Amino acid sequence: MDYLPLFASLRHRPVLVVGAGEVAARKVALLLEAGAEVAVVARELGSEIAKLREEERVRWLALEFDVEQLDDVFLVIAATDDTLLNAKVFQAANQRRRLVNVVDDPARCSFIFPSIIDRSPLVVAVSSGGKAPVLARILREKLEALLPEGLGRAAEMAGRWRGQVKKRLTSIAERRRFWERLFSGRFLGLVETHRLEEAEEELAESLEQHTLLGGEVTLVGAGPGDAGLLTLNGLRAMQQADVVLYDSLVTDDILQLVRRDAERICVGKRAGAHSVVQEETNRLLVTLAKQGKRVVRLKGGDPFIFGRGGEELEVLLEAGIPYRVVPGVTAAAGAAAYAGIPLTHREHSQSVTLITGHAQAGVDGLDWGQLAQGKQTLAVYMGTLKARDIQQKLIENGRSPLTPIAVIARGTRADQKVLSGTLSELDALAKQAPTPALLVIGEVAALHERLHWFGERTAAESAQPSWSSAVNLA
């Protein structure tokens, strides 16, 4: 994040603007809306700023810029067509620890003007950090269409009631739930249609009838890595959570979508690394929910596919904790799709079997004779450490050593890597792969070369045998 988004109060604060043309006038208009006391330095005033001066809304401070003009200002804007002057303003402002914006010069900005959606007192700002201002403007236009005009009136009314709500509901979590319920009900509709008295009555009645709610747990599948694969229901749950228990496989991009003030607890599980034991995770879920908190258990992939979601729900059921489940895109579906490998194919695979390389201690129970049959796809989760055993058992039970395979490392992420080969090479390729990795075994794995679409193709991938030769060899 190149810029920290802040909303600064400029009311009655002195601001210096160097320049008085059309660009400067647009900045001055924004500053005046925010209540700033604007002083202008320019050799001559453009028509818009000249009019503002006549109306005594801005002050024409001087004809020429002088560093001493920065001594008593809150921030400064340079909006001239003189590159050397702009650079001088920037350098002087930096030396005096003043926030400075040189228009259309991101390298000389310690603050920037975002695109603004104004529903005062509700204000939404969109910025690209100066890299793509047109894109920011387009996004602002889309948001303008989405946000009702009445939001500002609703925020004003909510502000008047905050004290009463705080007095009635002493818990921060409970106040948050009250407001979420209110803004999700008919209150906003009443405000939007200018039925303000009815809206106020609705608010008062909602507060009077509000009952304290107990905690709950939502199991959310975060998908295999790409934040774009997170479901809308999953995002909504993460935005409403008081606390999030997440696995190590959940990517930083997805964690960034968790509500900022939610507590985050890593209960990560990753092969070969220290992790919180499942029993401790179960205890945390129950304890936090009994404290009245909304808990999200955020899991990579899908909670019910090798995610121990069923085990956790059994614990919650026994403890009497309400729960719900938001499915996620499981690793086999997501990673294989991003690698250009269809798990089923009319000509090459009529079934797909999901297995894990980490069965419960002392238990295998897999029918290797069935798994070794052709014309099917095996997707092996967490299988890199057991790749040698998987390779041997499949070959021993009749699967051809030349069966195409793929090891998809860090699937759907920007650094995804796909290692292709044959079953006889599975162990060697798995040892080369970063984690997490998915093993795909079956004729469809050879389609990666032809159907690859995501990420950069590596030299090793480009050198893989063609689909026809790989299948013929198998």
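The values are calculated or read from the model by the stated rules, or taken from the named source; none is laboratory data. Small disclaimer: the values here were computed from a predicted structure and weren't measured. Cβ placement follows ideal geometry from the backbone for every residue including glycine, while neighbour counts extend to all protein chains displayed. The protein model used for the area step is the full one, side chains on, heavy atoms only, and it has no ligands, DNA or RNA in it. Shrake-Rupley method; radii C 1.70, N 1.55, O 1.52, S 1.80 Å.
Values for this structure:
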{"read-out": "Over 21 Å between alpha carbons, listed pairs Lys299/Lys393; Lys299/Lys431; Lys27/Lys51; Lys131/Lys417; Lys393/Lys431; Lys88/Lys131", "value": "Lys299/Lys393; Lys299/Lys431; Lys131/Lys417; Lys88/Lys131"}
{"read-out": "Average Cα contact separation per residue, the stretch 216-329, under 8 Å, 6 or more apart, as relative contact order %", "value": "43 percent"}
{"read-out": "Computed [θ] at 222 nm, helices only, for the chain once each DSSP H run of length n ≥ 4 contributes -39500 (n - 2.57)", "value": "-11000 deg cm²/dmol"}
{"read-out": "Antiparallel content of DSSP bridges confined to the stretch 216-329, in %, to 5", "value": "5 percent"}
{"read-out": "Largest-first ordering by accessible area, 1.4 Å probe, given options Trp161, Trp60, Trp453", "value": "Trp453, Trp60, Trp161"}
{"read-out": "Share of carbon and sulfur in the accessible heavy-atom surface of the stretch 356-442 [1.4 Å probe, %]", "value": "51 percent"}
{"read-out": "Stretchable slack from Gln432 to Leu84, in nm (0.36 nm times residue separation minus alpha-carbon distance)", "value": "119.9 nm"}
{"read-out": "Pairwise centroid distance, computed over Cα atoms, of the stretch 188-242 with the stretch 136-162, Å", "value": "16 Å"}
{"read-out": "Solvent accessible area, Å² - Thr403, 1.4 Å probe, full protein context", "value": "0 Å²"}
{"read-out": "List Cys109, Cys266, ordered by accessible area with a 1.4 Å probe, largest first", "value": "Cys266, Cys109"}
{"read-out": "Rounded to the nearest 10 Å², the accessible area of Tyr246 at probe 1.4 Å", "value": "50 Å²"}
{"read-out": "Per-residue SASA entry for Arg264, accessible area with 1.4 Å probe, Å² rounded to 10", "value": "90 Å²"}
{"read-out": "Between the stretch 252-323 and the stretch 77-112, the Cα center-to-center distance that results, in Å", "value": "48 Å"}
{"read-out": "Dipole magnitude (debye, nearest 20) for the stretch 13-113, charges at Cβ of Lys, Arg, Asp, Glu", "value": "320 debye"}
{"read-out": "Average accessible surface area per residue within the stretch 13-113, 1.4 Å rolling probe, Å²", "value": "57 Å²"}
{"read-out": "Per residue value of the accessible surface for the stretch 216-329 (all protein chains in place, 1.4 Å probe), Å²", "value": "46 Å²"}
{"read-out": "Net dipole in debye of the chain [+1 Lys, Arg Cβ; -1 Asp, Glu Cβ; about Cα centre; nearest 20]", "value": "680 debye"}
{"read-out": "Surface share of carbon and sulfur [accessible, 1.4 angstrom probe, percent] for the stretch 150-209", "value": "49 percent"}
{"read-out": "Which of His452, His358 is most accessible, then next, and so on - probe 1.4 Å", "value": "His358, His452"}
{"read-out": "Whole-angstrom gap from the stretch 1-67 to the stretch 399-436, using each part's C-alpha centre", "value": "60 Å"}
{"read-out": "Counting DSSP beta bridges with both ends in the chain, the antiparallel % (nearest 5)", "value": "35 percent"}
{"read-out": "Fully extended contour minus Cα-Cα distance, from Ser351 to Arg11, at 0.36 nm per residue", "value": "115.7 nm"}
{"read-out": "Dimensions in Å of the chain - Rg and Dmax from alpha carbons", "value": "29.9, 92"}
{"read-out": "The chain: relative contact order as a whole-number percent, Cα under 8 Å and 6+ apart", "value": "9 percent"}
{"read-out": "Residue-wise HN-Hα coupling along the stretch 304-313, computed from phi with Karplus coefficients 6.51, -1.76, 1.60 (Hz; x: Gly, Pro)", "value": "9, 10, 6, x, 6, x, x, 4, 5, 5"}
{"read-out": "Dipole magnitude of the stretch 216-329 about its Cα centre (Cβ charges: Lys, Arg +1; Asp, Glu -1), debye to nearest 20", "value": "220 debye"}
{"read-out": "Accessible surface of the stretch 216-329 [probe 1.4 Å, protein heavy atoms]: carbon and sulfur percent", "value": "52 percent"}
{"read-out": "The stretch 13-113: antiparallel DSSP beta bridges as a percent of all, rounded to 5", "value": "5 percent"}
